[in-house]
Amino acid sequence: MMSIHEHTFDAIVVGAGGSGLMAAVYLAKQGSLRTAVLSKLYPTRSHTGTAQGGIGAALGNMGEEDHWEWHMFDTIKGSDYLGDQDAIEVMCRESPEVVYELEHMGLPFSRTEDGRIAQRRFGGHTSNFGEAPVRRACYAADRTGHMILQTLYQQSIKHDVEFFDEFQVVDLLIEDGSCRGAVALNIATGELHIFRSKALVLATGGYGQVWEITSNAVTLTGDGLFLVARRGVPLEDMEFYQFHPTGIRRMGILITEGVRGEGGILRNHAGERFMELYAPNLKDLASRDVVSRAIYKEIRAGRGINGERYVHLDATQLGAEVIENKLPEIADFCRTYLGIDPVTEPIPIQPTAHYAMGGIPTDVDGGVVGMQGEPVRGLYAIGECACVSVHGANRLGTNSLVDLVVFGRRAGIAMAEYCRGADLEPTGEDPAGRSREELEALLSTAGKDGENAAEIRREMKELMMDNVSVFRTDELLSEAKVKLEELRERADRIAIDDPSRAFNLDLTDAWETRGMVELAQITTECALNRTESRGAHSREDYPDRDDENWLKHTLAVVRDGASEIGYKPVSITRFEPKERVY
Ligand SMILES: Cc1cc2nc3c(=O)[nH]c(=O)nc-3n(C[C@H](O)[C@H](O)[C@H](O)COP(=O)(O)OP(=O)(O)OC[C@H]3O[C@@H](n4cnc5c(N)ncnc54)[C@H](O)[C@@H]3O)c2cc1C
């Protein structure tokens with residue numbers, strides 16, 4: 001029998017990436033609230049630490065004019081008009097202030113010669129409402145996320161945030177429309193802990209591990225998403241999943257868009273700069289969905305390198321100095337993982353599953369909202385697991401890091417306010433009962449006959465890559481739906497090998513696998529439902545964007561194992577939908 005421990009805090013943050021730590025700093029610093037961060041990873045191992053290219057803010061530091069309104073326009077256009085314009089306005093307006101706040105916390109940004117924060121180009125970021133590329137991405141070499149994470153971790157420690165490292169949240173205590181805490185597994189001991197709180201924020205990151213080729217760390221299994229879905233909270237716009245054009249061939253490891261921002265060029269087998277054909281204006285710096293589709297089309301037309309499923313990213317014209325100084329990590333990856341030198345040789349790349357635009361629906365203060373727009377009291381969500389929605393159908397590069405810190409800060413402030421007026425609500429009799437049963441049942445399968453979790457994961461990942469990736473059709477999606485139902489049934493019969501309590505990753509892998517299959521199902525059902533092409537969701541059988549019928553968000557709620565789909569309107573405040581021109 002698992003022993004159970006209990007804790008009480010004002011506020012709980014689940015996840016120690018950029019968004020979670022920003023909220024924690026605000027809760028502890030400004031709200032003076034007893035704040036706990038629960039993280040299944042040691043905090044600085046969170047995926048935010050791998051973000052390379054930059055954080056977007058209209059500072060205009062490079063001798064070029066820039067305005068947050070231009071950033072807003074680009075973000076809306078990039079979102080293929082599905083992003084909520086009220087939320088986008090908040091993000092673009094507040095991003096310069098938050099970037100300077102990070103600087104004042106001590107973040108070591110790269111600098112211009114006169115000492116300002118340096119900025120570079122990134123796809124889709126333009127001046128004067130789409131006229132020409134602008135340098136808007138603030139960066140710390142190609143380790144921007146690493147620096148953000150380290151800076152915020154230091155600040156959290158300074159403000160006495162309590163950390164529970166390697167604690168995996170396995171259930172949320174949501175009763176009568178309010179969240180009263182969470183149940184977590186202490187991975188080191190195998191014991192369950194009940195955390196009671198007035199408010200809780202989910203900052204659990206993305207779910208790229210659902211696909212075979214992905215830039216996402218193995219820990220990005222979407223826990224926050226399937227935990228809320230299991231408690232009857234809807235998920236928004238799950239059909240919109242971004243494939244980043246430049247992952248290292250076969251491995252998916254990300255080669256930042258910063259390489260193209262600095263002047264890197266995509267080439268096919270004949271050495272042609274094929275983006276001139278697909279996006280005559282923005283070329284290699286067109287939005288990620290456009291570039292990923294172009295690469296797929298080149299590959300399909302037999303123009304991949306040696307006819308195979310990849311193309312080249314050519315950075316040789318940048319010269320050794322730019323590569324070594326501005327892109328040192330990338331140079332290192334190429335040398336380590338590919339045994340090639342990007343100074344003299346092109347990099348073999350293919351699109352890689354990268355970023356979830358969809359997620360847990362929230363208002364502009366991170367407050368989670370249900371199917372009819374009703375708030376789930378005390379529950380907040382921020383960062384990649386949330387959908388506020390600033391990225392709509394497709395995210396621009398550098399806009400996730402902005403999203404993390406802007407909405408992390410806003411949620412921290414809003415939660416502090418909420419906690420001041422709220423009492424700790426009681427929880428049911430045996431709050432850990434459900435989790436105990438679930439985990440004990442899995443542990444009791446150890447050594448018995450049953451399905452293998454790793455095998456189920458492998459089949460799911462391949463299926464999602466083949467059927468639910470850059471190009472989609474009714475046939476591919478319907479086939480995926482049937483196969484995922486089978487995988488889900490098999491996931492119920494998983495048997496693990498390891499019966500031990502301490503660091504039983506066999507147990508947590510099995511638990512995550514079940515959740516990921518559920519997320520794969522929701523993604524597929526939403527993709528099947530949306531009969532148009534918009535942003536990252538590209539249906540070959542419905543190639544056009546259809547504003548008349550589909551300028552709306554999808555909300556999917558799971559009932560009896562199937563998704564029930566509803567909709568909510570897009571907030572359009574300043575820019576009416578237009579056709580995208582590249
Ligand atoms: C390789 C790469 C490069 C990128 N580069 C850029 C870039 O240059 N610019 C940009 O804007 N965006 C970039 N992105 C996207 C951006 O980095 C991510 O979207 C963002 O960092 C996500 O942050 P987060 O705070 O939501 O979560 P993460 O940083 O992913 O952290 C998730 C946290 O949740 C915790 N967690 C998860 N499940 C549980 C659970 N069940 N219980 C307890 N804790 C849990 C984890 O321990 C972790 O601390 C990049 C992404 C990748 C993968």
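The values are calculated or read from the model by the stated rules, or taken from the named source; none is laboratory data. Please read these numbers as outputs of a predicted model, since none were measured by experiment. Virtual Cβ from ideal backbone geometry, glycine too; neighbours counted across all protein chains shown. When the accessible area is computed, the model is the full protein with side chains, heavy atoms only, and any ligands, DNA or RNA have been set aside. Shrake-Rupley method; radii C 1.70, N 1.55, O 1.52, S 1.80 Å.
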* Using the charge dipole of the chain (Lys, Arg: +1 at Cβ; Asp, Glu: -1 at Cβ; taken about the Cα centre), state which of Thr524, Met62, Ala217 has its Cα farthest towards the positive end. => Met62
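Rounded to the nearest 20 debye, what is the charge dipole size of segment 433-551 about its Cα centre when +1 sits on each Lys and Arg Cβ and -1 on each Asp and Glu Cβ?
In debye, rounded to 20, segment 433-551 gives about 400.
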* Pairing the Cα long axis of helix 453-467 with the longest principal axis of the chain, what angle in degrees results, from 0 to 90 and rounded to the nearest 10? -> 40 degrees
* Hits among lysines - C-alpha to C-alpha of Lys578 under 30 Å, sequence gap 8 or more where chains match -> Lys77, Lys283, Lys297, Lys552, Lys568
* Net lengthening on full extension, Glu459/Phe129 (0.36 nm per residue, minus Cα-Cα) -> 114.4 nm
* Asked: Going highest first, how would you order 468-475, 229-236 by mean Cβ packing within 10 Å?
  -> 229-236, 468-475
* To do: Note down the magnitude of the dipole of the chain about its Cα centre, charges +1 on Lys and Arg C-beta and -1 on Asp and Glu C-beta and zero elsewhere, to the nearest 20 debye.
  => 860 debye
* Asked: If the cut-off is a Cα-Cα distance under 19 Å, which lysines reach Lys198, setting aside same-chain residues fewer than 8 apart in sequence?
  -> Lys29
* Residue farthest toward the positive end of the dipole of segment 242-349, with Cβ of Lys/Arg at +1 and Asp/Glu at -1: which of Tyr337, Gly261, Asn281? -> Asn281
* Structure fact -> Over the chain, the sum of -39500 (n - 2.57) across DSSP H runs of at least four, divided by residue number and rounded to 500 deg cm²/dmol, gives at 222 nm -10500 deg cm²/dmol
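Which order, highest average first, do 322-331, 523-532 follow once you tally other Cβ atoms within 10 Å for each residue and take the mean per peptide? Working shown, then result.
Details: 322-331: 18.3, 523-532: 21.6.
Listed from highest to lowest mean packing, they are 523-532, 322-331.
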* Structure fact -> In the neighbourhood of Val364 defined by beta carbon distances under 13 Å, the net charge of the other residues (Lys, Arg +1; Asp, Glu -1) is -4
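About its Cα centre, how strong a charge dipole does segment 118-246 have in debye, to the nearest 20, once Lys and Arg get +1 and Asp and Glu get -1 at the Cβ?
It comes to approximately 560 debye.
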* Asked: Roughly what % antiparallel, to the nearest 5, for the DSSP beta bridges in the chain?
  -> 65 percent
* To do: Choose one of Phe471, Pro543, Gln350: the residue whose Cα lies farthest towards the positive end of the charge dipole of the chain (beta-carbon charges +1 Lys, Arg; -1 Asp, Glu; about the Cα centre).
  => Gln350
* Structure fact -> Excluding ligands, DNA and RNA, the carbon-plus-sulfur percentage of the accessible area of the chain with a 1.4 Å probe reads 46 percent
